[in-house]
1. Here is a list: Arg377, Arg355. Which entry is modelled with pLDDT of 90 or more, assigned by TED's automatic domain parsing to the domain that holds His292 and touching a helix residue (DSSP H, G or I) at 6+ places or on another chain (Cβ under 8 Å)?
2. Quickly run through region 232-253 and pick out the residues that are buried (at least 17 other Cβ atoms within 10 Å of the Cβ) and touching a residue at least 24 places away in the same chain (Cβ under 8 Å).
3. How many of the residues making up region 69-115 are over 14 Å from Arg125 (Cα atoms) and over 26 Å from the mean Cα position of the chain (by Cα)?
4. Which of the strands (runs of 3 or more DSSP E) contained wholly in region 200-281 include at least 1 residues that are under 25 Å from Phe406 (Cβ atoms)?
5. Residues of region 254-275 being crowded, with 18+ Cβ neighbours inside 10 Å and more than 30 Å from Gly345 (Cα to Cα), which ones?
6. Could you list, in sequence order, all residues of region 319-350 that are part of a strand (DSSP E or B) and surrounded by fewer than 14 Cβ atoms within 10 Å (Cβ to Cβ)?
7. I'm told Ile200 meets every condition in (1) of a type outside the set (Gly, Ala, Ser); (2) at pLDDT below 95; (3) farther than 20 Å from Lys265 by Cα; (4) touching a helix residue (DSSP H, G or I) at 6+ places or on another chain (Cβ under 9 Å) except one. Can you identify the failing condition by its number?
8. Among Ile152, Ile165, which is the only one that is at pLDDT below 95 and over 17 Å from the mean Cα position of the chain (by Cα)?
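The values are calculated or read from the model by the stated rules, or taken from the named source; none is laboratory data. The structure displayed is predicted, hence computed values, not measured ones. Virtual Cβ from ideal backbone geometry, glycine too; neighbours counted across all protein chains shown.
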Amino acid sequence: MNNDFNPPRTSLVQRTRSNRRFMLPLLLLAVLGGLFLLSTRQPTGKMAQADAKTVPVVAAAPEIRRELVHGAIQPGATITSLLGHIFTPQQIHNLNQQCKNVFPLTKLCAGQNYRLALRDGAFERFEYDIDHDEQLIVLQDEEGFDISRSPIPYTVEQQVINGTITSSLFGAVIASGESEALALNLADIFAWDIDFIRDIQSGDSFQVLVEKRFREGKQAGYGRILAASFSNCGETYRGFLFKDGEHGPAYYDENGKSLRKAFLKAPLSFSRISSGYTMRRLHPVTKTYKPHPAIDYAAPTGTPIKTVGDGVVTKSTYNRFNGNYVKIRHPGSWETIYNHMSRFGRGIKTGKKVRQGQIIGYVGTTGRSTGPHLDFRMYKNGRTVNPLQVKSPSVAPVSSEQMAAFKTSITPYIAQLDKGAPASTQLAVAETQAQSETVNN
């Protein structure tokens, strides 16, 4: 009997098959687990790729270079000298032609400001100050040029200016920190009632409610004088600016009576009387006694001479006694003569209609004269009269239809003058044009 134990072969095969059956599920689970992990990571990668695709690469925009060249028109300058380096001769010609009906470029005036705006070195805009109120604007378009006149953009501030006379109105205004232009404007308001040559005395005082203009943060002169008060020799005069219906703006006192009269008190704003009206004067040239039915105003050569009233020029000529002189016929059989001028005002010739205050010539010493002065004469019905004794009637007052509006409009002005300072500073910004500029000095 064989007692050795020999396991049956079939049992080993069965164990091997059993192990295989056990390992297959594990392997399957591992594969499925790996697939699961891959499936959870793959969308994230796709989203990242999608996100990356949605972010465009933007190239940096080229920087726009802007320049602003500004200055004052020089004597002899033309539009060619200003813009000839930018435009061709044909373009300059076209520009001249297009500007004729808006503002002729031949009238560019020395001393007036201009601005030239460039974009990347190319023309963008040209501005020229026609006067204190308007400017010429030139733009370029596909068809040529776009040309217009536009109000100058100012920031306007109302201020009350006070002053006391010690020697002259000019000196008092300058002492208050203002310019001589304000003195001239103030004198024009009261020129019918006050002779600023002979009536001013030490101790006289004034108050002015005026618009101060600012441009690009700098003071640029004055706008309108809205109200003014002047105390002269113990009497106070007041004037308020008001537009009566279709009539132009004018100055009236607090009762609506016009300050304007038929004649100004004097044809010069500031001067001195060197010789008065007399029937017996020793002539400085002939050394003989002769009548002098005139007022002589001594003033520097070139001082503007204004006509004292509306009228028509009947003579604008020269002779060896009067030199350059102008004779004007006024309504009511009045005549005035202005002698010894250095030159005539622009456009002043026989037959020309003139308005009160218009410049008709400039002080000189032509003819029989020993120095620069104005010889001023007045005639009524052909007979000489003393200009200093003429009582000039006022023109029409505020109309009855506008009187209520006038009273309402001047109420705040009176309050400001009485306080000597504005109740509240009012700022008004005029029409502006937005521009991004780099100033090129």
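1. Arg377
2. Result: Asn232, Tyr237, Arg238, Gly239, Phe240, Phe242, Asp244, Tyr251, Tyr252.
3. 10
4. Strands (runs of 3 or more DSSP E) meeting the threshold: 205-215, 218-232, 235-243, 249-252.
5. Matches in region 254-275: Gly256 only.
6. Asn319
7. Condition (3) is where Ile200 drops out.
8. Being at pLDDT below 95 and over 17 Å from the mean Cα position of the chain (by Cα) holds for just one of Ile152, Ile165, which is Ile165.
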